[in-house]
Amino acid sequence: MEKTVNNKAWFLVLPVLVVVAFSAVIPLMTVVNYAMNDTFGNNQFFWVGLEWFEEMVTSSRLHDALGRQILFTAIILSIQVPLGIFVALNMPKKGFWASVVLVLMALPLLIPFNVVGTIWQIFGRVDIGLLGHTLAALGFDYNYTNDPLDAWITVIVMDVWHWTSLVALLAYAGLQSIPQAYYQAAKIDQASRWAVFRYIELPKMKGVLLIAVLLRFMDSFMIYTEPFVVTGGGPGNSTTFLSIDLVKMAVGQFDLGPAAAFSLMYFLVILLVSWVFYTVMTSLDRAEAQQGESH
């Protein structure tokens, strides 16, 4: 039988293609245009080739911001993933309290980013904030506006409070998918709590944990609103991450060419690291599955 091809079906996809073109492709091409040209206004552009990219690659400013960004992301992942798993393991599995805990865990995720930053900005202030005033009363010299270490601690604790729920909820979903027969078999074999976690719960959570780590990596590597509202990138440049530095360059200094090159490199780094991380993790998962089948 000959297969019937109806080209009219492309008209159903056309609106999506138009939306994607206006929301992604056209802005991206505009950024590429600025990254390859210099301008002095009045829509007059002068071709400079890869000059802006070379300037950004050799820029100590970019290297410092990248170092701070990598450190922040590493700290966030090392805290939120184990903490999210721990919280998920101790959440009620069913009943009234399970519903209550799920709602409470989802609440931080519903708060807009700028509101989160504003909450912690006020919360940490020494003069009117509950946290800052309490620490000062206890004798701690805490001031996130003057001390870089205090600023880092504040931003990290804020992000942990805001996003650990996401990891916990994803891990909880993975735990809920485990059949009770697995736990019954482990109880018959008198398996320890660690053995149950190591051989039953953790393997079943690997898929959702991979998603959680990928989401948290991308979000933490692109974080902007919360630290900008709390510290403005300070004190000094201590909390000036890549996104904050990019906005300062593009909006504050109006260096559109270097900022465009910076943004493209920023995008490619996130895309490349996410792809490498996903490929490695899925390869390891596939290798473990094949090893299990061989046994």
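Tell me, Kirkwood radius of the stretch 1-153 from alpha-carbon pair distances, in Å? Don't skip to the end; give the middle numbers.
Working: mean 1/r = 0.0448 Å⁻¹.
Taking the inverse mean of 1/r over all distinct Cα pairs, the stretch 1-153 comes out at 22.3 Å.
Estimate the FRET efficiency between K8 and A74 by the formula 1/(1 + (r/R0)^6), using the beta-carbon distance for r and 45 Å for R0, to the nearest 0.05. Mind dumping the intermediate values first?
On the way: r = 52 Å, r/R0 = 1.15.
The calculated FRET efficiency here is 0.30.
Let me spell out the model: positive unit charges on the Cβ of Lys and Arg, negative unit charges on the Cβ of Asp and Glu, origin at the Cα centre of the stretch 15-144. What dipole size does that give, in debye rounded to 20?
760 debye
Applying 1/(1 + (r/R0)^6) with R0 = 41 Å to the Cβ-Cβ distance of D38 and V115, what FRET efficiency is obtained, to the nearest 0.05?
FRET efficiency, D38 to V115: 0.60.
Whole percent per 5 Å bin, from 0 to the bin with the longest distance: what is P(r) over all C-alpha pairs of the stretch 179-295?
The distribution over the stretch 179-295 is 2, 9, 13, 13, 13, 10, 9, 8, 7, 7, 5, 3, 1, 0, given as percents.
Can you return the lysines within cross-link range of K204? Criterion is Cα-Cα under 26 Å, with same-chain partners fewer than 8 residues away left out.
Here the lysines satisfying the reach criterion relative to K204 are K93, K94, K187.
Just to compare against my own numbers: the Cα pair-distance distribution for the stretch 58-146, 5 Å bins, whole % per bin, please.
Result, from short to long distances: 3, 11, 10, 12, 18, 19, 15, 7, 4, 1, 1, 0 percent.
At V247 and M222, where each label point lies 7 Å from the Cα along Cα→Cβ, what is the point-to-point distance in nanometres?
For the pair V247/M222, the computed spacing is 1.4 nm.
Placing +1 at every Lys and Arg Cβ and -1 at every Asp and Glu Cβ, with all other atoms neutral, what dipole size does the stretch 148-295 have around its Cα centre, in debye to the nearest 20?
The calculated dipole for the stretch 148-295 is roughly 380 debye.
How many angstrom separate the Cα center of the stretch 145-168 from the Cα center of the stretch 2-76?
Their Cα centres are 30 Å away from one another.
Want the number for K94 to F267: 0.36 nm per residue separation, take away the alpha-carbon distance, what's left?
Using 0.36 nm per residue and subtracting the Cα-Cα distance, I get 58.1 nm.
Using a Gaussian network model of the chain whose springs link C-alpha atoms within less than 10 Å, name the residue from I244, I76, I153 with the highest mean-square fluctuation.
Of I244, I76, I153, the most mobile in the Gaussian network model is I153.
Projected onto the charge dipole of the chain (+1 at Lys/Arg Cβ, -1 at Asp/Glu Cβ, origin at the Cα centre), which of S177, W275, N237 gives the Cα projection farthest towards the positive end?
Toward the positive end, the furthest listed residue is S177.
Could you work out how far apart the two model spin labels at Y199 and T30 are, taking each label as a point 7 Å from the Cα in the direction of the beta carbon, and quote it in nm?
5.9 nm
Pairs of alpha-carbon atoms within less than 8 angstrom and 6+ residues apart define the contacts here; what relative contact order does the chain have, in percent?
26 percent
Charges only on Cβ, +1 for Lys and Arg, -1 for Asp and Glu: so what's the dipole of the stretch 74-193 about the Cα centre, in debye to the nearest 20?
Magnitude of the dipole: close to 640 debye.
Please state the shape class of the stretch 119-195: rounded when a/c is under 1.5, otherwise prolate if a/b exceeds b/c and oblate if not, all from the C-alpha gyration tensor.
prolate
Would you work out the Kirkwood radius for the chain? I mean one over the mean of 1/r across all pairs of different Cα atoms, in Å.
Averaging 1/r across every pair of different Cα atoms and inverting gives 22.9 Å.
May I have the extent of the alpha carbons of the stretch 153-248 along their three principal axes, as whole Å values ordered from largest to smallest?
If we take the Cα atoms of the stretch 153-248, the spans are 61, 21, 15 Å.
Rule-based calculations on the coordinates, nothing more; no lab input. A quick note: this is a predicted structure, and the numbers were derived from the prediction, not measured. We place every Cβ from the backbone using ideal geometry, glycine too, and count neighbours over all the protein chains shown.
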